[in-house]
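The values are calculated or read from the model by the stated rules, or taken from the named source; none is laboratory data. These numbers come from a predicted model, not from an experiment. FYI the Cβ positions are ideal-geometry reconstructions off the backbone, even for glycines, and counts take in every protein chain you see.
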Amino acid sequence: MDFALIDLDEEHRALQLEIREYLTELFTPDVFAQEHEFGDGFNKKVYEGLGARGWLYPELPATQGGADFTPLQQRIMDLELDRQDARIMMMRGTSSLPMSAVRKYMPSDMAEPILKACAQGQAVMCLGYSEPDGGSDIANAKVRAVQDGDMWTINGSKMWTTGAHVSTYTFLVTRTDPDAPKHKGITMFLVPLDTPGVTIQGIRTFSGERTNIVYYEDVQIHDRYRIGGVNDGWSVLHGPLDAEHSIGVDMSDGLTDLSIGAGFCKVLAGSIVEVAEWANKTTGPDGRSMAEDTRVRERLGAALVEYEAGINTPGPMGRVRASDALVKQSAILQDLLGPAGLLPMDEEGSIGNGDTEYAHRFAQGTGTYGGTVEVFRTIIAQHVLGLPKASYPGSKVFLAGKKKS
Amino acid sequence: MDLHELRRQDYTLEEISQEVLVAFGDFFRDQCPTSVVRASEPLGFDQNLWDRLVEMGTTTMGLPESAGGDGAGVIELALVAEEFGRAVAPVPYIEHVVTSRALAAAATPALDQVLAGAADGSHIVALASYPIQPGSKQLVPAGAVAKSVLGLAGDDLILYTVEQSPALVRNQGHTPLAWWDFDSAGSRIVVATGANAHAIFKRAHDERMVLMASALVGMTESALALTVEFTKTRETMGVLISTLQGVAFPLTDIATNIAGARNIARKAAWFLDNEPDQRPELPAIAMVYSAQTATHGTTNAAHFQGGLGFTLEADVSLYFLRSKGWSALAGDPSAHLVDIGDHVLASAK
């Protein structure tokens, strides 16, 4: 066990300072304003700026556009980015999943320019997983890809393709054999989003984040954009999915967040600090400081307990716990602020940076994206408690409604 | 709260700690089956088990080397507490260990005899939960088996000693609770005064909260294990009840809470051992979260065994009754929350 401050040597301290100064230069007020207005989870100037130094994916070797960062250097970078605004870095996290699949499965002459553009911040990638009639059950994909010689024709629609409107490629789950069991009829493609027949339509969520529905109408894709074997998409997906579910990550160096919900907890922490600062400088109706009000003291205490619960619960369990913590506590903290807690930042009389008002809206998505908390509870039931797998009518369904004879 | 502090987040146990965990896990499994727990009721004390625990070095491991101990940290003591709680062992482990350590910290020659008795387990010591007011009595955890109780009276830390421990008052958790009338205690030794007295008393309470938090983790895990097994064999309408999400999902929440509560307790122990001034609110956080985890966990563990889980015959009842019976000894969670909130407010200034 070790929770000590890391004593940085001169070289690392210099790096930390250099990163901090560079990020302060990059994250100008217009960057935040743009994110606030559009909720892209992305900023071209920031991404290209980081990419120019190999700092967008600094853990990659320099030959792949990274900076050969050690885990410690990586941790320094992540904490400095958190100091700015983690929201803008969302598409970096999203892109890193398909990047590993591209590296592994695509012929190198195809993969290299794509990966290079990503590393330089000139391209990001989004996940074409969920569909309008089924979110978390990815293997149920119905978007159809049909082969004709070297070309594939893709038809259907994908939902919750966050970042599609700023992405160059989407990592697409398609159905290529409707007669096979559902996990065995899937093929993955990397689809350039400027291909004719692709239409992207924005969907605003109440967290402020924009996501998309993407329509594919007779989209023609060369077989070279296929990732992994035909009908072998499920095993291709597993690498990135496992990473998204934080399975098999080594944490013994203490340089990674224990909980995959740690990011949600940062939003909760922002709200806790905001409410505490508000209480310290606000006088209640009885003329006493709100910081002396037992309601305020007890609820802030409870919120900090929940914050610790979120960050100290490991892996997939941490994701469920952190989401629960944020959903419940953000609502309670907002109640403490009264009507002024409803005002978004920049409105007259809004509190702090509007972090609490934002936290309550943001919280609701955390129980859904990346797989709902119910999907994660199913994983925990089977893998942590060893409970038997439930058998549902749809779990081994043949999508064409008939079994191959 | 500096969220961007560059600290390690390493929860892996050192080899030596791992060995402590295994050794005490084996010990309690062998020496304290649930039949021993039941046989100890209503007092909640088993002399034979206590003697064996003393032989294991449990009463000396946490004492400083200067007091003839092994100088173990709160983290090792917390690991023992986890296994102690898993067995819901009828011995005053937590009270005795934290009070002995407080006496050793005071380093007063007048305490040498008591400390020697505490080290060899023959003289059980306990901690008063609240400051002592003249003319009022207090319910003292382990007070029915303790010969001495350490308490804060004004600015003095005093060790009250009696010839004969006061009588047991029967209670929900089957622990050796007793009313102590400090005015009539036979002997009193002023152990420390002023700021030092307050500091020693606070430290002892912090350690008690962390050890109790760990014990509640082990206790809840035992209850969950019983219920998981139950749901894997019990059928309804032709399916195992563990395949129903209405059963499985609440059980995953218990497991999730346990995993977090264990880490918070261990982290709190680490900070007490290494940087006690850095996270002064962590012991209370550990205590509150473990108390919530235990209450919720044992309640649901009993519930998912249906009517059977409601019977005294079911072993899950042992854990359910002790979840509150033990956690309530470390104070009202709401009071702790107010303290934690004060810390949040102070650090936001």
So if I check each of A:Glu25, A:Glu11, A:Glu21, A:Glu35, which one is part of a helix (DSSP H, G or I), away from chain B (no Cβ under 14 Å) and in contact with a helix residue (DSSP H, G or I) (Cβ under 7 Å, 6 or more places away or on another chain)? A:Glu35
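One line per residue, one yes/no per condition, for (1) more than 10 Å from chain B (Cβ to nearest Cβ); (2) farther than 30 Å from A:Ser207 by Cα; (3) of a type outside the set (Asp, Glu); (4) under 16 Å from the mean Cα position of the chain (by Cα):
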site	(1), (2), (3), (4)
A:Glu357	yes, no, no, no
A:His360	yes, no, yes, no
A:Ala363	yes, no, yes, yes
A:Gly370	yes, no, yes, yes
A:Val384	no, yes, yes, no
A:Tyr392	no, yes, yes, no
Might you check whether a residue that is surrounded by fewer than 24 Cβ atoms within 10 Å (Cβ to Cβ), facing chain B (nearest Cβ under 7 Å) and closer than 30 Å to A:Arg377 by Cβ occurs anywhere in region A:280-298? yes
Any residue at all in region B:332-349 that is assigned to a helix (DSSP H, G or I), more than 13 Å from chain A (Cβ to nearest Cβ) and hydrophobic (A, V, I, L, M, F, W, C)? no
Residues B:Ala78, B:Ala102, B:Ala67: which one is in contact with a Leu (Cβ under 7 Å, 6 or more places away or on another chain), within 27 Å of B:Asn196 (Cα to Cα), within 14 Å of another protein chain (Cβ to nearest Cβ) and surrounded by 15 or more Cβ atoms within 10 Å (Cβ to Cβ)? B:Ala78
Determine if region A:202-210 includes at least one residue that is assigned to a helix (DSSP H, G or I) and either modelled with pLDDT of 95 or more or on the phi < 0 side of the Ramachandran plot (or both). no
Members of region A:51-84 that are free of Cβ contacts under 8 Å to residues at least 12 places away in the same chain, among the polar types (S, T, N, Q) and outside any loop (DSSP other than H, G, I, E, B): A:Thr63
Restricting to helices (runs of 4 or more DSSP H) lying wholly in region B:210-324: which have 1 or more residues that are closer than 30 Å to B:Ile200 by Cβ? B:245-274, B:282-303
Qualifying positions in region B:182-198 - part of a helix (DSSP H, G or I) and surrounded by 14 or more Cβ atoms within 10 Å (Cβ to Cβ): B:Phe182, B:Asn196, B:Ala197, B:His198
Checking B:Ser17, B:Ser35 in turn, the sole residue that is surrounded by fewer than 13 Cβ atoms within 10 Å (Cβ to Cβ) and either farther than 20 Å from B:Val125 by Cα or in contact with a helix residue (DSSP H, G or I) (Cβ under 8 Å, 6 or more places away or on another chain) (or both) turns out to be B:Ser35
So the check is Cβ under 8 Å with 6+ separation or different chains; which pairs have a first residue in region B:283-304 that's at pLDDT below 95 and a second one that's surrounded by 24 or more Cβ atoms within 10 Å (Cβ to Cβ)? none
